[in-house]
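All remarks here apply to the structure that follows.
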Amino acid sequence: MTTGACTHIDEVTTVKPPKELQCEECVKSGASWVHLRTCQTCGVTLCCDSSPKQHASAHARSSTHPVIASAQPGEQWLYCYRDDAFAEY
Ligand SMILES: [Zn+2]
Ligand SMILES: [Zn+2]
Ligand SMILES: [Zn+2]
């Protein structure tokens, strides 16, 4: 996969699917979410930036895991938080 400036998405050869369709962090605190994203480095599934807690972007900032994939059924795209790069697959 080629996105130009971003080399992180290029390194994703096999997209990790979500293990469960829920945000691991929201479930712990009883919060709700809008959409789900799966970290392509460690495989954790967390909620998107439209969700109140924005766990996926918090995870990307606090870890060195820049790339997430949409965990929404039917959506096939990757996003790199570090480079603000987007790629469909
Ligand atoms: Zn990148
Ligand atoms: Zn969450
Ligand atoms: Zn991660």
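The values are calculated or read from the model by the stated rules, or taken from the named source; none is laboratory data. Source: prediction; values computed, not measured. As a convention, Cβ positions derive from the backbone with ideal geometry for all residues, glycine included, and neighbour counts pool all protein chains shown. When the accessible area is computed, the model is the full protein with side chains, heavy atoms only, and any ligands, DNA or RNA have been set aside. Shrake-Rupley method; radii C 1.70, N 1.55, O 1.52, S 1.80 Å.
The residue that is farthest from ligand 1 (Cβ to nearest atom), counting only those in segment 18-32 that are among the charged types (D, E, K, R) and over 13 Å from residue 55 (Cβ atoms), is 20. The sole residue among 47, 6, 26 that is within 14 Å of ligand 3 (Cβ to nearest atom) and buried (at least 18 other Cβ atoms within 10 Å of the Cβ) is 47.
In segment 50-67, of all residues being exposed (fewer than 13 other Cβ atoms within 10 Å of the Cβ) and part of a loop (DSSP other than H, G, I, E, B), the one that is nearest to ligand 2 (Cβ to nearest atom) corresponds to 52. For residue 20, the conditions (1) within 16 Å of ligand 2 (Cβ to nearest atom); (2) under 14 Å from residue 79 (Cβ atoms); (3) surrounded by fewer than 20 Cβ atoms within 10 Å (Cβ to Cβ) are fulfilled apart from (2). For first residues located in segment 7-28 and touching a residue at least 24 places away in the same chain (Cβ under 8 Å) and within 19 Å of residue 82 (Cβ to Cβ), partners that are open to solvent by 80 Å² or more (accessible area, probe 1.4 Å) and part of a loop (DSSP other than H, G, I, E, B) and lie 6+ apart or on another chain with Cβ distances below 8 Å form the pairs 8/82; 9/1; 12/1; 15/76; 15/89.
Scan segment 3-33 for residues that are assigned to a helix (DSSP H, G or I) and polar (S, T, N, Q) and jot them down.
We begin by selecting, within segment 3-33, every residue assigned to a helix (DSSP H, G or I); these are 9-11, 24-29.
The one that is assigned to a helix (DSSP H, G or I) and polar (S, T, N, Q): 29.
Could you pull out the residue among 54, 40, 72 that is under 14 Å from residue 9 (Cα atoms) and not aliphatic (A, V, I, L, M)? Break it down stepwise before answering.
Working: 54 fails: under 14 Å from residue 9 (Cα atoms); 72 fails: under 14 Å from residue 9 (Cα atoms).
Result: 40 is the single residue among 54, 40, 72 that is under 14 Å from residue 9 (Cα atoms) and not aliphatic (A, V, I, L, M).
Applying the condition of being open to solvent by 20 Å² or more (accessible area, probe 1.4 Å) and more than 8 Å from ligand 2 (Cβ to nearest atom) to segment 30-39 and asking which residue is farthest from residue 73 (Cα to Cα) yields 30.
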